[in-house]
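What follows is a set of notes on a single structure, which appears directly below.
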Amino acid sequence: MHRFRTLCLVGSLLTAPVASAAPMPVVCVESVWCNIAAQIGGPEVTTQALISTPGIDPHELTPTPSMARQTARAALVILNGATYDNWALPFVSASAPRIIAAQEAGWKVGDNPHLFLNPAAVRKVATAMARVFVRQGLDHEAVQQRLDAFLAQIESLESWSEKLRKTYDGTIIAAMEPVGGDLIQHMGLHIVDAGFALAVMHHAEPSPRDVAVLETALDEKTVKLLIVNPAVRSPQIDRMVDKARSSALPLVMLGETLPPGLSWQEWVSSIIESVQKALDGASR
């Protein structure tokens, strides 16, 4: 009887399920990078974004003690870098791996810092995520499959942009702020008021010349659409938007926070679709 109980105990231990490892905690400053990390890491990771509320500008954010604690406890920290969220760097544990999108993408001073809307940069960052996940012990084959699926979707979005380029290459547009500038330029569109947009991004006063360039373009309707970042407001921007509306110029709203409920690729797809509809309508 004792031997039978022993055999039953051994059998139950052999057939008992093995406890799986706890998911790897990943902290990102921006929710968009967490969305991509979750797609690459799958159920083997948990993600926490420090900034997820739409309309918050990371440039102006004042970090909280809670953000510092979350970042210090992470097994992986993902930042945009490029002066966009460098305030988070001191919070990162010296022993924790980190991915800085600007470094992976080869960003240089003067380049657009909104790297999450640059498909070429996102491809490099997603690949870096997969590399770190595997190094940290996540299943290599599963991670690679998810990465391959994600990269295929990037390729599909780039193909869509290329089709727009064939139709609208060289089309002149205006932008209140350069968020999404790399994506826009990949479509072959030319932002006429780059100086104005850069000044707004840096919270500086646009020069009289830059203001004049934008006003002339809007008054003479030499631009086909106006891109507006709803998170950035000022009396001068409001005046330009009103001027565009009075000229029946199409407006495309393009923020810098991942809209709730959307994946990165769904967000980019919605941007491309909005731009295409605006251009198609303006060309009629």
Next on the checklist: Given (1) in contact with a strand residue (DSSP E or B) (Cβ under 8 Å, 6 or more places away or on another chain); (2) without any contact (Cβ under 8 Å) to a residue 40 or more places away in the chain, identify the lone condition not met by Glu205.
Outcome noted: (1)
Checklist entry - Across the stretch 255-279, what is the number of residues that are outside any loop (DSSP other than H, G, I, E, B), open to solvent by less than 50 Å² (accessible area, probe 1.4 Å) and farther than 15 Å from Cys34 by Cα? => result 8
Checklist entry - Can you name every residue in the stretch 228-243 that is aliphatic (A, V, I, L, M), part of a helix (DSSP H, G or I) and open to solvent by 10 Å² or more (accessible area, probe 1.4 Å)? => result Val241
Next on the checklist: Name the single residue that is most open to solvent (accessible area, probe 1.4 Å) among those in the stretch 198-227 being under 20 Å from Thr257 (Cβ atoms) and in a loop (DSSP other than H, G, I, E, B).
Outcome noted: His202
Item to check | Looking only at the stretch 103-129, and only at residues there that are open to solvent by 10 Å² or more (accessible area, probe 1.4 Å) and of a type in the set (Gly, Ala, Ser), the one that is nearest to Leu258 (Cα to Cα) | outcome: Ala120
Checklist entry - Within the stretch 42-84, which residues are open to solvent by 60 Å² or more (accessible area, probe 1.4 Å), at pLDDT 85 or above and within 20 Å of the chain's Cα centre (by Cα)? => result Thr46, Gln48, Thr83
Item to check | Only one of Asp193, Asp182, Asp169 that is open to solvent by less than 10 Å² (accessible area, probe 1.4 Å) and charged (D, E, K, R) | outcome: Asp193
Checklist entry - For Val252, which of the numbered conditions (1) touching a residue at least 24 places away in the same chain (Cβ under 8 Å); (2) open to solvent by 40 Å² or more (accessible area, probe 1.4 Å); (3) aliphatic (A, V, I, L, M) fails to hold? => result (2)
Item to check | Conditions (1) touching a residue at least 40 places away in the same chain (Cβ under 8 Å); (2) outside any helix (DSSP H, G or I): number failed by Gly188 | outcome: (1)
Checklist entry - Out of the stretch 244-253, which residues are outside any helix (DSSP H, G or I) and either closer than 17 Å to Ser274 by Cα or of a type in the set (A, V, I, L, M, F, W, C) (or both)? => result Ala248, Leu249, Pro250, Leu251, Val252, Met253
Next on the checklist: I'm told Ala130 meets every condition in (1) modelled with pLDDT of 95 or more; (2) touching a Leu at 6+ places or on another chain (Cβ under 9 Å); (3) not in a helix (DSSP H, G or I) except one. Can you identify the failing condition by its number?
Outcome noted: (3)
Checklist entry - Which residue out of Leu157, Leu147, Leu138, Leu164 is of a type outside the set (S, T, N, Q), farther than 30 Å from Ala194 by Cβ, open to solvent by less than 80 Å² (accessible area, probe 1.4 Å) and not in a loop (DSSP other than H, G, I, E, B)? => result Leu147
Checklist entry - If only one of Ala82, Ala38 is under 20 Å from Val132 (Cβ atoms), out of contact with any Phe, Trp or Tyr (no Cβ under 6 Å at 6 or more places or on another chain) and not acidic (Asp, Glu), which one is it? => result Ala38
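This table checks each residue for (1) closer than 30 Å to Ser234 by Cα; (2) modelled with pLDDT of 95 or more; (3) over 17 Å from the mean Cα position of the chain (by Cα).
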{"site": "Asp111", "(1), (2), (3)": "yes, no, no"}
{"site": "Asp139", "(1), (2), (3)": "no, yes, yes"}
{"site": "Val143", "(1), (2), (3)": "no, yes, yes"}
{"site": "Leu147", "(1), (2), (3)": "no, yes, no"}
{"site": "Gln153", "(1), (2), (3)": "no, yes, no"}
{"site": "Arg165", "(1), (2), (3)": "no, yes, yes"}
{"site": "Ala194", "(1), (2), (3)": "yes, no, yes"}
{"site": "His202", "(1), (2), (3)": "yes, no, yes"}
{"site": "Pro208", "(1), (2), (3)": "yes, no, yes"}
Next on the checklist: Cβ contacts < 9 Å: first residue farther than 18 Å from Ile272 by Cα, restricted to the stretch 215-228; second residue in a loop (DSSP other than H, G, I, E, B) and acidic (Asp, Glu), any location; separation 6+ or different chain. Result?
Outcome noted: Ala217/Asp193
Checklist entry - Quick one: would you say Glu177 is crowded, with 19+ Cβ neighbours inside 10 Å and either assigned to a loop (DSSP other than H, G, I, E, B) or among the charged types (D, E, K, R) (or both)? => result yes
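The values are calculated or read from the model by the stated rules, or taken from the named source; none is laboratory data. If you're wondering where the values come from, they're calculated on a predicted model, not measured in any experiment. Counting neighbours? That spans all protein chains shown, and the Cβs are built from the backbone with ideal geometry, glycine included. Ligands, DNA and RNA are stripped out before the accessible areas are found, and what is left, the full protein with its side chains, is counted by its heavy atoms. Shrake-Rupley method; radii C 1.70, N 1.55, O 1.52, S 1.80 Å.
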